[in-house]
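What follows is a single structure, written as structure tokens, with notes after it.
No value in this document is a laboratory result; all are computed from the given coordinates. Keep in mind that what you see is a predicted model, and the values were worked out from it rather than measured. Note: ideal-geometry Cβ built from the backbone for every residue, glycine included; neighbour counts use all protein chains shown.
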Amino acid sequence: MNKEVYSLCFMCSIRCPIRVLAKDGQVEWIEGNPHVPGMEGSLCPRGSAGISLLYDPERVQTPMIRVGERGSGNWRKASWDEALDFVADKLKDIIEKNGPHSIVLGERTQLATHVSKTFLKALGSPNHFTHDALCKGSVNTACRSLFGYTDAQMAMDYKNTKHIVLYGRNIFEAVSVKEVNNLMDALENGAKLTYIDPRVTVTATKAHRYWMIRPGTDLALNYALIHVILKERLYDADFVDRWVSDMADLREFVASYTPEWAEKETGIPADEIVTLAREMSKDKPSVIFHFGYRGANQVNEIYIRRSILILNCLMGSIETKGGLFFKKGPGEVGGKPARKLTEQQFDTKIEVPRFDKVGTKDFPLPDPNHGAPQMLPQAILNEDPYPIKALINYRFEPLMSIPDTTTTLKALDKLDLIVTIDINYSDIAWYSDVILPESIYLERTDCVQQANGLKPQIFLRRQVVAPRYDTREGAMILKQLAEKLGISKYFPYESMEDLVKWQLEGTGFALEDFDKKGFVAYCKDPIFWDRTKLKIKTPSGKIELRSSLLENAGFSSFPEYEPIPKPEKDHFRLVTGRCALHTHCSTQNNPYLNELLSENRLWINSQKAAELGISNNAMVEISSKRGSGIIKASVTELIHPESVFMLHGFGHQAKRATRSYNKGVSDSLLEENVSDMVGGSPAFHETFVKVKAA
Ligand SMILES: Nc1nc2c(c(=O)[nH]1)N[C@H]1C(S)=C(S)[C@@H](COP(=O)(O)OP(=O)(O)OC[C@H]3O[C@@H](n4cnc5c(=O)[nH]c(N)nc54)[C@H](O)[C@@H]3O)O[C@H]1N2
Ligand SMILES: Nc1nc2c(c(=O)[nH]1)N[C@H]1C(S)=C(S)[C@@H](COP(=O)(O)OP(=O)(O)OC[C@H]3O[C@@H](n4cnc5c(=O)[nH]c(N)nc54)[C@H](O)[C@@H]3O)O[C@H]1N2
Ligand code: SF4
Ligand SMILES: [Mo]
């Protein structure tokens, strides 16, 4: 029997809308949802490899309980009842002895996040965290400091932009299909692309202007751009006068940061900096300085992100076509959003601080809705603020996604219980006491996706085929665990369909409304606010250059620029990133994707390689204060001599994932766990490594 199902991809967390064709219970074809502008049939390579994930026999097929040492790979298969009883009994014991706050649950923000948050709230633990800080925590804080909105409440109108500046936002490799297609449309319509990165990425090759910046110096570049814009009055005076406060402070602050000064720090010629400022001004307000995710991850990252956002404010490219905009929710058109389980009233009042101290005076500004995962190892090791006994990983991989794996492992050894809800034998699943296997996205209906944007919409992930193995949906796994822990009243559903129906109550939409196109929209046309009536959510109601958020917490809005140190002899700044063929640390064992790219290599500048006697394809030893590994060198002129680069997510240690086992080196093994203590992100690019021929 042929079947056509509209759903959402989950080969990565972008969740592109897809159309799936199945025949006799087998998936035959996946493509971008043709009804969604920007998708129109297209998928990225990982999206297409979804079929090989479905049929991969190396997925976790049944619940597993560890029998040997942690990490030894000795497992016994268990029934669901047995595995859930095992976990519930341990959790009960831990709660009785140490209190519910000794349980931490970490996840990659996803559609069922409201379910896992509910699970912890019902238990009485404040310790739910998401991946957010690891990905873009300082971007989030920077957005809140200027606008009172998180980055997730803002987006960019790529399609109508006239000039976009990307600071290591390697958009043509670290892909979001819709964004890429919209940007390509803009480029075809004559838009300009400026790309800034210490290495030549695919995006660099598509750019009109590429700058090989000295790693870590984007802030110097931006201060010089602001300097030129103010000096030559290149800004949007109407917008700035109406909405931007503290311009005099900004003017005084950047006075000494001339393009000539920035040239010495960044390596970018002063006259080119001036030219970019003038070009952007000519095309304003339909221009974007992209606030990015993962380029420039330094301890001062918050100020880099703020400087990028300030450039947008000066261009007036806020809430405008071809610029940045605030996402609109259903309330904008009198609609109601889908319900979340977290709306319920909970019996237990939570009074202890979070394990990561987010929201306390020690770490005041990261978003408490997400927390700061990189603080977990030290919190466990130091029992500060209190002992932690159990960790539940739900679609999250702390061993590869938190820097300094050796310390993370040491911390995990102190725990009484590690449970992982995964689809693969990830390294963390391998190191757990119990693995609870989730059905993959093609096998499960998920919670609804409230998709706010220029048009508020709701999307739905729907089951295409029955689970191939003995796996369940995450939201059902947590509900069943909740039943065994006596907190089932917070989970008012018996199936995923029930839960979706419950979520849709009051929205005016029904499950059947998703049959035709896979989504529903609250209105027809994109909504831009009147630019004289913006709803800026800072205390002053203005875009705050002097941020009350920062200054009330005791941080400066305009700290003096501190020069970036050069690496010592034979050392390099380690820079990491993504490629189009893999998702973080999830897909390295995927049969198709592994065939295309099975290990990472170390990009090293030709001149430096020659000095060190390293030839292309030779094996080299890379070492930091935290760890070391042996990796193949890629000798190239396409990287700045101060940095070396490797792809994130390789070097897996779980033996049952045979294709990815021991292939390449994990960046997390080398990176030091230091953070931007204002913005909240780990400073992934603060680690220096030594490289020598192996
Ligand atoms: N194929 C694929 N696409 C993805 C993902 C994936 O895993 N795979 N993940 C998604 C997610 S969650 C995210 S967060 C995004 C990430 O999107 P990006 O942030 O665009 O992705 P990265 O590959 O981390 O790119 C970081 C780039 O910053 C550069 N860089 C390093 N240091 C500096 C510096 O000092 N200055 C500048 N200007 N650049 C620097 C690096 O060389 C690298 O090219 O991608 C999303 N899309
Ligand atoms: N060292 C270092 N750390 C990083 C980064 C880096 O570049 N370097 N990048 C950071 C960024 S930008 C991000 S967004 C985070 C991402 O961090 P993570 O979310 O931890 O990484 P992922 O690879 O997306 O997925 C984690 C786990 O989810 C599992 N998984 C995949 N699909 C499903 C599913 O449907 N259900 C369940 N239950 N599990 C599933 C995968 O098998 C994998 O074990 O990492 C951050 N951490
Ligand atoms: S970007 Fe690729 S992998 Fe990610 S959701 Fe979209 S199609 Fe799937
Ligand atoms: Mo990310």
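Some observations on this one:
- Spread of Cα-to-Cα distances over 5 Å intervals beginning at zero, given as percent, for the stretch 158-322: 2, 9, 19, 23, 22, 15, 8, 2, 0
- Restricting attention to the chain, close to 50% of DSSP beta bridges with both partner residues there are antiparallel.
- The coefficient of translational diffusion for the stretch 1-100, derived via Stokes-Einstein from the alpha carbon Kirkwood radius under 4 °C and 1.567 mPa s, stands at 76 µm²/s.
- For the stretch 571-693: rounded, prolate or oblate by the Cα gyration tensor [a/c cutoff 1.5]: oblate
- Taking the C-alpha atoms of the chain, convex hull volume expressed per residue in Å³: 147 Å³
- For GluC sites (Glu not before Pro), the sites in the stretch 463-505 that DSSP calls loop and that have at most 16 other Cβ atoms within 10 Å are 494, 505.
- Only lysine pairs 8 or more places apart, or on different chains, with alpha-carbon atoms under 22 angstrom apart are counted in the stretch 73-195, and they number 13.
- Neighbourhood net charge (15 Å Cβ-Cβ; Lys/Arg +1, Asp/Glu -1) for residue 74: +4
- Every helix of 4 or more DSSP H residues in the chain counts as -39500 (n - 2.57), and over all residues that averages to -8000 deg cm²/dmol at 222 nm.
- Net charge of neighbours whose Cβ lies under 12 Å from the Cβ of residue 344, counting Lys and Arg as +1 and Asp and Glu as -1: +3
- FRET efficiency, residue 511 to residue 610 (Cβ-Cβ, R0 45 Å, nearest 0.05): 0.10
- The GluC sites (Glu not before Pro) of the stretch 228-274 that DSSP puts in a loop, and whose beta carbon has at most 12 other beta carbons within 10 Å, are 232.
- Computed from the Cβ-Cβ distance with R0 of 35 Å, the FRET efficiency linking residue 551 to residue 275 stands at 0.50.
- Only beta bridges with both residues in the stretch 571-693 are counted; by DSSP, about 55 percent of them are antiparallel.
- Exposed loop positions in the chain were taken to be chymotrypsin sites (Phe, Trp or Tyr not before Pro) whose DSSP state is not H, G, I, E or B and which have at most 16 other beta-carbon atoms within 10 angstrom. Between these positions, the longest stretch is 56-345.
- Here the Karplus relation 6.51 cos²θ - 1.76 cosθ + 1.60, evaluated at θ = phi - 60°, turns the backbone of the stretch 405-413 into coupling constants of 4, 4, 5, 4, 4, 4, 5, 4, 4 Hz, with x for every Gly and Pro.
- Out of every Cα-Cα pair that the stretch 2-54 contains, those further apart than 13 angstrom amount to 53 percent.
- Cα gyration tensor shape for the stretch 267-398, rounded if a/c is under 1.5, else prolate or oblate: oblate
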